[in-house]
Each structure stands twice: as C-alpha cells, then as structure tokens.
Amino acid sequence: ADTQFLSTANLTLQSVDSTALSAPSTADFIMLIEDGAGTATLNTDVKAFISRDSGSNFTQGTLVDEGSYATSTKKIIAFHDLDISGQPSGTSMRWKLALANNQVKIHGVSLSWA
C-alpha cells in the first residue's frame, strides 16, 4: 500500500527553495491528493501557501478540486495565478502545506511562477 506522507494529525510540510530568475509576482500550485480516513475539506483541512523569500512570508492560495486521475479517489487540487507581489521581493520559491484532522496521501506537488 502507498503510505508516503500519511497524516493522522496536524502536520506541516515545506519544500526546499527553488530559485527563480527574477522576483515572481504570481504562482501556480498543483497537488495530487487522496483521502485516507474521512474526507479532507479543502482550505480547512488542507491548506497551501507560497513564499518567494525562502519561507519568511507566505501567501495562502484557495485550493480547488480540478478533477480526478488514475482512480476516482485520487484528486487534482490546485490554485492558479496566486498574487504574491505583496511579499518582500525575492527569488527563493517555496511551498508549504498545512494538513489537519484527516489522513491524507500526497502523491505529488508542483509549483510554478511568473
């Protein structure tokens, strides 16, 4: 059974930095997720944030369900064009997930910016 990143309580996950060529003003985030025990509520039990200054400041994106993949229980969750221009200028891009209340499986994440 696939049990990578299984959460049974509150958990915060953060990426390492990826370097942008210049300070981005928007970010896109895509995550492949599957419920474990119970059903996770987006933007309550599963929250995603983006930083352009190595995690000193984060902006939360509003996650939406964009459909399923592979099986009906595996979901594509994302936000697009998140405005991060209000953060201090920087090129050290990082994502953060805050998970609460449910078991969830994170199968993959993707961060892009412009």
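The values are calculated or read from the model by the stated rules, or taken from the named source; none is laboratory data. Owing to the predicted nature of the structure, the values given are computational and were not obtained by experimental measurement. A quick note on method: Cβ atoms are made from the backbone with ideal geometry, for glycine too, and the neighbour counts reach across all protein chains shown. Side chains are part of the model used for accessible areas, which takes the heavy atoms of the whole protein and leaves out ligands, DNA and RNA. Shrake-Rupley method; radii C 1.70, N 1.55, O 1.52, S 1.80 Å.
Laid out as a table, the results:
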{"quantity": "Number of the exception - GLN87 against (1) in contact with a strand residue (DSSP E or B) (Cβ under 8 Å, 6 or more places away or on another chain); (2) assigned to a strand (DSSP E or B)", "calculated": "(2)"}
{"quantity": "Selection from region 74-114 of residues that are of a type in the set (A, V, I, L, M, F, W, C), open to solvent by 50 Å² or more (accessible area, probe 1.4 Å) and over 30 Å from GLY38 (Cβ atoms)", "calculated": "TRP113, ALA114"}
{"quantity": "Residues of region 44-67 that turn out to be open to solvent by less than 70 Å² (accessible area, probe 1.4 Å) and out of contact with any Phe, Trp or Tyr (no Cβ under 7 Å at 6 or more places or on another chain), as a count", "calculated": "9"}
{"quantity": "Residue match in region 13-28 (condition: without any contact (Cβ under 8 Å) to a residue 60 or more places away in the chain, outside any loop (DSSP other than H, G, I, E, B) and open to solvent by less than 70 Å² (accessible area, probe 1.4 Å))", "calculated": "no"}
{"quantity": "Test for THR39: is it surrounded by fewer than 14 Cβ atoms within 10 Å (Cβ to Cβ), of a type in the set (Ser, Thr, Tyr) and not in a loop (DSSP other than H, G, I, E, B)", "calculated": "no"}
{"quantity": "Test: residue in region 60-75 that is touching a residue at least 40 places away in the same chain (Cβ under 8 Å) and closer than 18 Å to LYS47 by Cβ", "calculated": "yes"}
